[in-house]
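Encoded as structure tokens, the structure appears first; notes follow it.
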Amino acid sequence: MILSDRQILAEIEKGTILIEPFKPEGLGSNSYDVHLGKYIATYKDRILDARKHNQIDTIVIPEEGFILYPDMLYLGVTEEYTETHAHVPFLEGKSSVGRLGIDIHATAGKGDVGYCNTWTLEISVKQPVRIYPGMPIGQLIYFVVEGTVKNTYNKKGTAKYSKRTLKPLESMMWKNKW
């Protein structure tokens, strides 16, 4: 079951959902709009290695915008810091963003119960497009969880993306053991 706008507000009141900053105009009938933060990053190396800590270069998106190009992976970040303590948050792109040929995530659209952070966006584009800090970029949808959660993300010792950040985070795949 997806939370309605009224239920999202009730959960915010209860403290099980936190959105900072919260803008009432961002609340949809069953979602909350998130905005592109001011930082964007690219990997320093053209060839990435899943077993290596791949470094990124981070820049501030200028007010006049920043052009994204195909055949590049960009890491963006949401302006909003969120906490979700009793629901599963899903991040999806807005249709207006998709109609510009912008994909905001490759695989990481689902958060975990206990996820507390900004959202790193895995941005790719179909053709060159100019983006701006603060533009609407996606929407969070909250799903109800059946039963109690034994191990929330923010309490897992192996959680790799739990340190609060305002900037995009590179892949931490290299921390996995396989």
For I131, indicate whether it is crowded, with 20+ Cβ neighbours inside 10 Å, in contact with an Asp or Glu (Cβ under 9 Å, 6 or more places away or on another chain) and aliphatic (A, V, I, L, M). no
Free of Cβ contacts under 8 Å to residues at least 24 places away in the same chain and on the phi < 0 side of the Ramachandran plot: does that describe I67? no
Restricted to the stretch 1-51 and to residues being polar (S, T, N, Q) and more than 19 Å from the chain's Cα centre (by Cα), the residue surrounded by the fewest Cβ atoms within 10 Å (Cβ to Cβ) is S29
Being surrounded by 12 or more Cβ atoms within 10 Å (Cβ to Cβ), touching a Lys or Arg at 6+ places or on another chain (Cβ under 9 Å), among the aliphatic types (A, V, I, L, M) and farther than 30 Å from N151 by Cβ is the filter here; which residues of the stretch 58-86 pass it? V60, I61, L68
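Matching residues to (1) of a type in the set (G, A, S); (2) not in a loop (DSSP other than H, G, I, E, B):
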| site | (1), (2) |
| --- | --- |
| Q127 | no, no |
| G134 | yes, no |
| Q139 | no, yes |
| F143 | no, yes |
| G157 | yes, no |
| S162 | yes, no |
| L169 | no, no |
| W174 | no, yes |
Which ones in the stretch 145-167 are surrounded by 11 or more Cβ atoms within 10 Å (Cβ to Cβ), in contact (Cβ under 8 Å) with a residue 40 or more places away in the chain and under 19 Å from the mean Cα position of the chain (by Cα)? T152, Y153, N154, Y161, S162, T165, L166, K167
Can you pull out every residue in the stretch 86-115 that is more than 21 Å from M173 (Cβ to Cβ) and of a type outside the set (G, A, S)? H87, V88, P89, F90, E92, K94, V97, R99, L100, I102, V113
Across the stretch 39-65, what is the number of residues that are touching a Gly at 6+ places or on another chain (Cβ under 9 Å), of a type in the set (A, V, I, L, M, F, W, C) and part of a strand (DSSP E or B)? 2
Of G101, G114, G65, G93, which residue is under 30 Å from D5 (Cα atoms) and at pLDDT 95 or above? G101
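The values are calculated or read from the model by the stated rules, or taken from the named source; none is laboratory data. Being a predicted model, the structure only gives us computed values, none of them experimental. FYI the Cβ positions are ideal-geometry reconstructions off the backbone, even for glycines, and counts take in every protein chain you see.
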